[in-house]
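The values are calculated or read from the model by the stated rules, or taken from the named source; none is laboratory data. Given the structure is predicted, the values throughout are model-derived calculations rather than measurements. Note that we place each Cβ from the backbone using ideal geometry, even for glycine, and neighbour counts take in every protein chain shown. For the accessible areas, the whole protein counts, side chains as well, though only heavy atoms, and no ligand, DNA or RNA atoms are used. Shrake-Rupley method; radii C 1.70, N 1.55, O 1.52, S 1.80 Å.
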Amino acid sequence: MSNRTLITILCTVFTTLILAARVSAQSPQSYTNAVTDRLIHTETPMAPPSRNVVFTDPDFGSLMVRVTDASTNFKLPGTFLRTEGSGKANEWSADTKKFYVLGKGGQDLVFAFDPTTMAISSLPNAGAGMGLLIPLRPGPTFSFVDPDLIYGTSQPDTLTITSYRFSTGASMPVIDTRTCGVQPPLGSGPKVVSDDDVSVSLDDNRLSISEGGSEAGKHMFVVVYDKNLGCRWYNTQTGQIGGKWGASGTATVTTPYLIGHAYLSHSGNYVFILVNGLGWYVWDLSTLNVNACQLHTSLNEECAGYEAVGYNTLVNGPAITGDMQVTQRPLNNLTQISELALPVLFDWGQAQHFTWSNVNVTDTAPVCGSTYSYDGDKTIDQPFAGEIFCVETDGLATTVWRFAHNRATYISPFFQTQPLGSVSSDGRFLVFTSDWDAQLGIGTDGRPLSDAFIVKLD
């Protein structure tokens, strides 16, 4: 190879890299102040901060604030508080001025938030310094369109999807799913309930829920309600699909299964159906097409890990090449897998959880999440361990933005000690749970205390 040819190749490569960097800078959303290296950032010891006092993460420089403390749950003082957990419910209002956390007894406590100052305050009709207790079951989801509206279900009628409006304090039924014509018809009694997995499309026009059994993992119906077209349903035990719109008949997957949770894609065109311990399915809503991504099948490990449902794609962390492996695939082609976080430098021992409530119609907004050790190991001896992060999804680069140590020590089997979170719809804040390196102590119920914290993604 001549020197001239070598120089030409090097110039071409250099130009390509420069252009890629420029294009990446123009991606739908980026975090210009975030750390993007792949180095080990050890954790600086830090006592739990005071509630509602903004502070700086000492290792990554992001602004943070503690949302709750042992006095926040006025129904059960001295007990833990946490975020919703699945990452699929939207815990933030459309204007990023309200968010909720969950109390030990299943209370939804909603607070006001100032995105400029990160100050947390009480909403009207709430006691001074307290969260507003709203009459919905744990894990409701805010509308992506109307900042005054949140959706969920209420006791004792969990088969009716309900909306709650903050300005009036009024709950209104959206759809009684018993009127949706599911076959066979829904029974009655304490063994027929819905899950707490109400989800809503980005345009606020469609909602979904799973129901029909006695608890999560035992449901057999997915019901989708379109505000203009009416109901559509899928019975995962019989394989029958029906409703007032779309194709009716037998699903392409006929093997019966029960539903762990079901979540609507943000486009409203697909439903992601989780099956406990077996993988998941995707139902193309207007059709009879149901595609499986089962464990121990041809896709095998690619179906593992926790997931986030986007507009028309899905992100998960299969942990095949490393724990920081992040993949994305279209919901209409589960085998078309793209790697998002290359190179994967992460060793084994950390779990990922994702949140994607900031998703856009092109699925190019960053997906965010947290990592933690299943063994409760607080050692930071590898990149990305015990952190809050976001990952580029536009395909222009494989950037991982790093914001803070979440300081969560998982104490098995206490779910609330995992740093699960929810990103705001503008992608600028993430609320997550932490026991702050197990420094918060033990609650009055004998369980480890945890609280909610917010980190600014900048």
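Below are the figures for this structure:
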{"item": "Mean residue ellipticity (222 nm) of the chain, computed from DSSP H runs ≥ 4 via -39,500 (n - 2.57), nearest 500", "result": "-2000 deg cm²/dmol"}
{"item": "Descending semi-axes in Å of segment 184-296, equivalent ellipsoid built from Cα gyration tensor", "result": "19, 17, 14"}
{"item": "Surrounding net charge for residue 65, when Lys and Arg each add one and Asp and Glu each subtract one, Cβ distance under 9 Å", "result": "+3"}
{"item": "Positive-end residue, the chain charge dipole about Cα centroid, Cβ charges, pick of 49, 365, 147", "result": "147"}
{"item": "Portion, in percent, of the accessible area of the chain that falls on carbon or sulfur, probe 1.4 Å", "result": "55"}
{"item": "Where the chain is the region considered: accessible area per residue in Å², 1.4 Å probe", "result": "39"}
{"item": "FRET efficiency, residue 148 to residue 238 (Cβ-Cβ, R0 35 Å, nearest 0.05)", "result": "0.30"}
{"item": "Neighbour-limited loop hits for chymotrypsin sites (Phe, Trp or Tyr not before Pro), segment 319-382 (at most 16 other Cβ within 10 Å; DSSP other than H, G, I, E, B)", "result": "348, 374"}
{"item": "Lysine pairs in the chain with Cα atoms under 18 Å, if 8 or more residues apart or on separate chains", "result": "6"}
{"item": "Residue 36 paired with residue 170, simple spin-label distance in nm, labels 7 Å along Cα-to-beta-carbon", "result": "4.9"}
{"item": "Environment charge of residue 273, counting only residues whose C-beta is closer than 13 Å and scoring Lys/Arg +1, Asp/Glu -1", "result": "-4"}
{"item": "Sum of side-chain charges, residue 33 neighbourhood, beta-carbon under 10 Å (Lys, Arg +1; Asp, Glu -1)", "result": "0"}
{"item": "Loop-located trypsin sites (Lys or Arg not before Pro) in segment 188-252, at most 16 other Cβ atoms within 10 Å (DSSP)", "result": "191, 218, 227, 244"}
